[in-house]
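Below: one structure, written as structure tokens.
The values are calculated or read from the model by the stated rules, or taken from the named source; none is laboratory data. Computed from a predicted structure; not experimentally measured. Every residue, glycine among them, receives a Cβ derived from its backbone with ideal geometry; neighbour counts consider all protein chains shown. To get the accessible areas, we keep the full protein, side chains included, count just its heavy atoms, and leave off ligands, DNA and RNA. Shrake-Rupley method; radii C 1.70, N 1.55, O 1.52, S 1.80 Å.
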Amino acid sequence: MSKHIIITGTSRGIGFELVQLFAKAGNKVLALSRNNKPIQNLNLENVTCFSFDLNDNEAYKKVEDFINSDWQHVDILINNAGALLNKPFAQTSMTDFESVYKTNVYGVAELTRVVLPFMKSNSHVVTISSMGGVQGSMKFPGLAAYSSSKAAVITLTELLAEEYKESGISFNVLALGAVQTEMLEEAFPGYKAPTTALEMAQYIFNFSLNGNKYYNGKLLQVSNSTP
């Protein structure tokens, strides 16, 4: 049974791989990224992509209009887009924090709010967080804005699961460890991760389709390394 799936942050890394996995499995995908060229160039059947900026209020209307006119419902939303800032705390400004939180927290909240009216029982909202956002986990200098924003969406997920528990919609959050992506290189230059973007995408693909049978309002730590 073909599902309707929305994925953010699809121009590279895990999001780029996820679009291909879902499309090849026969699902319909809406791929959202500021840079829509990488997905467009794949010419995949079943995939719609347009340029989308989580910080642009008008962009959400475009998503809403598309669902209304083309799909009518959404089965899975994967909040995968993220902004990274690697900068000593003493050098960060309120603007730096605001910029990271706008994408990693406000953007996740707003897109989820826009998509929820189109979801019904057995739908699944999966938000990608980071081990750096997990209380008690190893922390790294320079990632104050990023890791604290990733902590915020963990609590947001728990709250949404509670607020929507009568609806049958599940909300879960995956805190990822090191995955070999461009973003990892920005956070930890030169570090070689034990997991590829495709391997992690395969895990998220399976979890998005089946995890809601077993989990709701849960944080899963998907990590085999430090960082």
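Give me, ordered by chain and number, the residues 5 or more places off residue 53 or on other chains with an amide H under 5 Å from its own placed amide H.
none
Using a 1.4 angstrom probe and counting only protein chains, how large is the accessible area of residue 200 in Å², to 10?
Spelled out: residue 200, probe radius 1.4 Å, area about 10 Å².
Only Lys, Arg, Asp and Glu count, each charged at its Cβ (+1, +1, -1, -1), so figure out the dipole size of the range 1-129 about its Cα centre, rounded to 20 debye. Display every interim value, and only then the final one.
Working: 12 positive and 12 negative charges, 50 e Å.
My answer is approximately 240 debye.
Which whole-number percent is the relative contact order of the range 52-151 (Cα, under 8 Å, 6+ apart)?
RCO, the range 52-151: 38 percent.
Could you tell me whether the range 130-187 comes out rounded, prolate or oblate from its Cα gyration tensor? Rule is a ≥ b ≥ c as square roots of the eigenvalues, rounded for a/c under 1.5, then prolate if a/b exceeds b/c, otherwise oblate.
Prolate, since a/c reaches 1.5 and a/b exceeds b/c.
How do 73, 4, 124 rank by accessible surface area computed with a 1.4 Å probe, from largest to smallest?
Solvent-accessible surface, decreasing: 73, 4, 124.
Computing the accessible area with a 1.4 Å probe over protein heavy atoms, can you report the carbon and sulfur percentage for the chain? Walk me through the numbers on the way to the answer.
On the way: 5600 of 10920 Å².
Exposed carbon and sulfur together represent 51 percent of the surface.
So what are the ³J(HN,Hα) numbers for the range 56-64, from phi and the Karplus equation (6.51, -1.76, 1.60; θ = phi - 60°), rounded to whole Hz, Gly and Pro as x?
After applying 6.51 cos²θ - 1.76 cosθ + 1.60, I find 9, 4, 5, 4, 5, 5, 4, 5, 4 Hz.
From the backbone phi of the range 186-200, what are the Karplus-calculated ³J(HN,Hα) couplings (6.51 cos²θ - 1.76 cosθ + 1.60, θ = phi - 60°) in whole Hz, Gly and Pro given as x?
5, 7, 9, x, x, 6, 9, 7, x, 10, 8, 4, 5, 4, 5
How fast does the chain diffuse by Stokes-Einstein, in µm²/s, taking the Kirkwood radius from C-alpha pairs at 10 °C and 1.306 mPa s?
Translational D for this selection: 90 µm²/s.
Give the long-range amide H neighbours of residue 222: residues separated by 5 or more places, or on another chain, with amide H under 5 Å away, using H modelled in the peptide plane at 1.01 Å from N.
175, 176, 177
Can you show me the helix-derived [θ] at 222 nm for the chain, built from DSSP H runs with n ≥ 4 at -39,500 (n - 2.57) apiece and divided by the number of residues, rounded to the nearest 500.
For the chain, the value works out to -11000 deg cm²/dmol.
Note down the relative contact order for the chain as a percent, whole number, built from C-alpha pairs under 8 angstrom at least six residues apart.
21
Determine the dipole magnitude for the chain: charges of +1 sit on the beta-carbon of Lys and Arg, -1 on that of Asp and Glu, nothing else is charged, the reference point is the Cα centre, and the result goes in debye to the nearest 20.
For this selection, approximately 360 debye.
If 45, 186 are ordered by their accessible area, calculated over protein heavy atoms with a 1.4 Å probe, which sequence runs from highest to lowest? Provide the component values of the computation, followed by the final result.
Details: 45 150, 186 85 Å².
Per-residue accessible area, sorted high to low, gives 45, 186.
How would you classify the range 55-155 from its alpha-carbon gyration tensor, with a ≥ b ≥ c the square roots of the eigenvalues: rounded for a/c under 1.5, else prolate if a/b is greater than b/c, otherwise oblate?
oblate
So how do 140, 66 rank on accessible area, 1.4 Å probe, biggest first, that is with the largest at the start?
Working: 140 65, 66 25 Å².
Largest accessible area first, the list is 140, 66.
With θ taken as phi - 60° and the coefficients 6.51, -1.76 and 1.60, list the Karplus ³J(HN,Hα) couplings across the range 213-227 in order, rounded to whole Hz; mark glycine and proline as x.
6, 10, 10, 8, x, 10, 9, 10, 8, 10, 8, 10, 7, 10, x
Where Rh is the Kirkwood radius over the Cα pairs of the range 1-85, the temperature 20 °C and the viscosity 1.002 mPa s, what D in µm²/s does Stokes-Einstein return?
In µm²/s, the coefficient is 167.
If packing is taken as the mean number of other Cβ atoms within 10 Å per residue, what is the order of 112-123, 74-85, 54-65, highest first?
74-85, 112-123, 54-65
List the trypsin sites (Lys or Arg not before Pro) within the range 156-227 that DSSP assigns to loop and that have no more than 12 neighbouring Cβ atoms inside 10 Å.
Qualifying residues, ordered by number: 192.
How many Å² of accessible area per residue for the chain, probe 1.4 Å?
About 48 Å² of surface per residue is accessible.
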